[in-house]
């Protein structure tokens, strides 16, 4: 009887150890899965920003032609052209997302100012080179806005995952940090001032 009780005790102990091992394996798999999800989302944030970056580079490649076309026609507005050159230089020197988005914000404002000035200079508006470059930049601006939205959606999902339990424990252990959102340029936030006179 004592032997049977000992065997039963060993069987219960082995059963508990097996259950604990299964539970530990399941928990480890779950946390490894969470880690993998965070790594995949972080990579997707990189990929989405790279798409924005390519479009920004394309836009910046159009700028020398725009500046050359406008330089002679808008002599009284050289400050705007200098702002475009400065923003382009800042973008080309930028190494972080924050620096690139800051340069893009400056560029968007400078381009909006230049296009507004061009509206008041018939010789600029009539220039075929200006029209072509402006159309390409406008098309790129639309693509940039769409890609910025896709980037921000991915970043929002990633940042939400970092804040949720139990992902936040995995994020802390894995040194995951929140990603910055791509700010909307001030030029896009302003109301349109229309006159119906």
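Annotation: extensible slack from residue 90 through residue 39 equals 15.3 nm (criterion: 0.36 nm per residue apart, minus Cα-Cα distance).
Between the Cα long axis of helix 2-71 and the first principal axis of the chain there is an angle of about 10°, rounded to the nearest 10. Between 63, 111, 20, the residue with the greatest mean-square fluctuation in the GNM of the chain (Cα pairs under 10 Å linked by springs) is 20. Once the Cα atoms are used to define both axes, helix 78-93 deviates from the longest principal axis of the chain by about 30 degrees.
Tell me whether the stretch 1-95 comes out rounded, prolate or oblate; compute the Cα gyration tensor, take square roots of the eigenvalues as a ≥ b ≥ c, and use a/c under 1.5 as the rounded threshold. The shape class here is prolate. When the P(r) of the stretch 85-172 is calculated, the portion above 18 Å amounts to 62% of the C-alpha pairs. Evaluated at q = 0.08 Å⁻¹, a Debye calculation over the C-alpha positions of the stretch 35-186 (equal weights, vacuum) places log10 I(q)/I(0) at -0.30.
Given a Förster radius of 25 Å and the C-beta distance between residue 99 and residue 132 as r, what FRET efficiency does 1/(1 + (r/R0)^6) yield to the nearest 0.05?
So the FRET efficiency works out to roughly 0.25.
Each Cα pair under 8 Å and six or more residues apart adds its separation to the average, and for the chain the resulting relative contact order is 30 percent.
Compared with the dominant principal axis of the Cα atoms in the chain, helix 97-119 is inclined by about 30°. Per-residue ellipticity at 222 nm computed for the chain from its helices equals -28500 deg cm²/dmol, with DSSP H segments shorter than 4 residues left out and the rest contributing -39,500 (n - 2.57).
No lab work stands behind these numbers, since they all come straight from the coordinates. Since the model is a prediction, treat every value here as computed from it, not as a measurement. For neighbour counting, all protein chains shown are included, and Cβ atoms are generated from backbone atoms with ideal geometry for every residue, glycine included.
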